[in-house]
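The values are calculated or read from the model by the stated rules, or taken from the named source; none is laboratory data. The model shown is predicted, which means the values in this text are computed figures rather than measured ones. Heads up, the Cβs are rebuilt from the backbone with ideal geometry, glycines too, and the neighbour counts pull from every protein chain shown.
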Amino acid sequence: MPSEDLRRSLLMRLYAAGLDAVRGDEAVQRALAPTGEAPVAVLGLGKAATAMARGALARLGTRVASMLLVTRFGHAGDAPDGVEVIESAHPVPDPSSLRAGARVRDWLMQRREPELLVLLSGGTSALVEHLPEGVDLSTLQALNRWLLGSGMPIGEMNRFRAALSCIKAGGLLGSVPKGMQVRVLLISDVPGDDPRLIGSGPFHPWPEPPDPDPATLPPQLRAGWRTCPKPVRPVPEHRIVASGRHALDAMEALGRAEGLTVHRHEFVQGDAAEAGRRMAEWLRDEAPSGLHLWHGEPTVQLPEHPGQGGRCQHLALSAAVVLEGHNDVLLLAAATDGGDGSSSDAGALVDGATIARGRAEGLDPLHALQTADSGRFLAASGDLVNTGPTGTNVMDLFIALKS
C-alpha cells in the first residue's frame, strides 16, 4: 500500500484535475466561435463571473463593447483590467445584492449593442436581487435563511426565491432592449443541469409561474409575502459549458492514467450526514479497491445557532466517524467553488485517524455534527482543504481511494 502522504497527494491531484476541467475561462473559450464583427455587451453573474469574463475577452477581443460583472465578495481578484465589477453577498443577500440588482437592470436598459452575451454561474440567486413593491430586505433575508437551513433541494428552494423576485425566472429579460439578441452560457451547479435553476434563471422564463403555496412558509414570512409578475418573452439560447460530469470525466481519466480501477457512482443528495455515513459504510464493508467518484449537492438542516463548516465538511466528518481505525480508505469531499457553505474552506480530506486527531484536541465529533460545527473539528484534526476561489462552480466532488 502506498504511504498515506502519497495517497493524500493523489486525491488532491485528482480534485485539481476536476477543477481544471471546468474552469470558467477555458469553458467559455471552448464555447465561443471566433467569428463575427458586431459589438457585444457581456454580463457576468455568479461566483465564476470573472473567470468566465476572461474567457469571453480572450475569444471575442475588441468585439466586447461593454462588460459588467457581479460576483461574490472575495472572488473579484482575477477580474479583467478596466471592467466594472460589483462584489455582493452570498449565501444570504444583503444591501449589496439590491444595489447589484439595480445596477444590472439600469445597465441592461442602457445597452445599444446588437448582442448580449450572459455568463451565468451559481451564486447568482443571492448576489443580484430586485424585490416587488411592499417587500423589504429583512423578508428576503429571512426567506433565504429559512431555505438554507431547511434541507430543501435546490429546485424547491429556487421556486420560492423566483416567486419573490423581479429578477429571477426570466425577470431580467424585461430590462433587455427589444430586438437585442441574447445568448446565455452557463456553468451548472444544479442536478440535471436545468437552466431554469442555475442562478434561478434570470433570463429563462418558467413554463408556469413559480408560485409556491404561501401556507408552506414559516408563519413569520407569510405576512410579508408578495410575488413579482414576470415579462412574457421567448426563451433565449442557453448552453451549458461546464458541469459536474466534465469534472468527473477528467478525474476518471487521471485515475486510469495512474493505473487505478475507477468506479463512478450516482448523484449524492439528501441529508449530508446520512449520505456520509452510508458512503463510508459501503466503502468500509463492500466497495472494491480503486478510485470511487461521485458528484452532487447534499443538504444540511441547520440548528438555530450553527457552528463552522458546510455540507462537504459535514459529510466528511460523518464519514470519518464510520471510518475510524480503518486505514485503507481516504475520502475527499469538497465544493468546486472553493467555499463550502459560508466557510472559506472548500471541504475536507479524511482518513481512519481523523477522529483520533480531533479527539486529541479535546473535541467530540458527534457534538460537532449535532451543532453543525464540523469545520472546527476538522480544523483541529488537520483535514480541511483550502483552495480559495476557483473560477468555477459545479456543485461538490467526492473522491475516495480504497487500497
(message) So if I check each of PRO91, PRO80, which one is out of contact with any Asp or Glu (no Cβ under 6 Å at 6 or more places or on another chain) and more than 20 Å from GLN141 (Cα to Cα)?
(response) PRO80
(message) Checking the structure you have, find out if any residue of the stretch 283-291 is under 22 Å from PRO191 (Cα atoms) and either at pLDDT 95 or above or surrounded by 15 or more Cβ atoms within 10 Å (Cβ to Cβ) (or both).
(response) no
(message) Looking for something assigned to a helix (DSSP H, G or I), out of contact with any Phe, Trp or Tyr (no Cβ under 9 Å at 6 or more places or on another chain) and surrounded by 18 or more Cβ atoms within 10 Å (Cβ to Cβ) - is there at least one such residue anywhere in the stretch 227-246?
(response) yes
(request) Would you point out the residue of the stretch 66-97, among those that are over 20 Å from THR392 (Cα atoms) and either among the β-branched types (Val, Ile, Thr) or surrounded by 16 or more Cβ atoms within 10 Å (Cβ to Cβ) (or both), that is farthest from the chain's Cα centre (by Cα)? (result) SER66
(message) Considering only residues that are surrounded by fewer than 19 Cβ atoms within 10 Å (Cβ to Cβ) and touching a Leu at 6+ places or on another chain (Cβ under 7 Å), which ones fall in the stretch 106-129?
(response) TRP107
(message) With the requirement that a residue be over 24 Å from PHE267 (Cβ atoms), outside any loop (DSSP other than H, G, I, E, B) and in contact with a helix residue (DSSP H, G or I) (Cβ under 6 Å, 6 or more places away or on another chain), what does the stretch 185-220 give you?
(response) PRO214
(request) Can you tell me which residue within the stretch 346-358, out of those that are surrounded by fewer than 24 Cβ atoms within 10 Å (Cβ to Cβ) and touching a Gly at 6+ places or on another chain (Cβ under 7 Å), is farthest from ARG72 (Cα to Cα)? (result) GLY352
(request) Considering every residue within the stretch 176-187, establish whether at least one is closer than 18 Å to VAL70 by Cβ and modelled with pLDDT under 95. (result) no
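Tell me, yes or no, whether the stretch 102-117 has at least one residue that is at positive phi, within 23 Å of the chain's Cα centre (by Cα) and either modelled with pLDDT of 90 or more or not hydrophobic (A, V, I, L, M, F, W, C) (or both).
no
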(request) For residues that are surrounded by fewer than 15 Cβ atoms within 10 Å (Cβ to Cβ) and part of a helix (DSSP H, G or I), tally how many sit in the stretch 21-42. (result) 1
(message) If GLU266 satisfies all but one of (1) without any contact (Cβ under 8 Å) to a residue 24 or more places away in the chain; (2) among the charged types (D, E, K, R); (3) assigned to a loop (DSSP other than H, G, I, E, B), what's the number of the condition it fails?
(response) (1)
(request) Have a look at THR139, THR124 and point out the one that is among the polar types (S, T, N, Q) and in contact with a Ser or Thr (Cβ under 8 Å, 6 or more places away or on another chain). (result) THR124
(request) Quickly run through the stretch 169-226 and pick out the residues that are in contact (Cβ under 8 Å) with a residue 12 or more places away in the chain and either among the hydroxyl-bearing types (Ser, Thr, Tyr) or not assigned by TED's automatic domain parsing to the domain that holds GLY155 (or both). (result) SER175, SER188, SER200
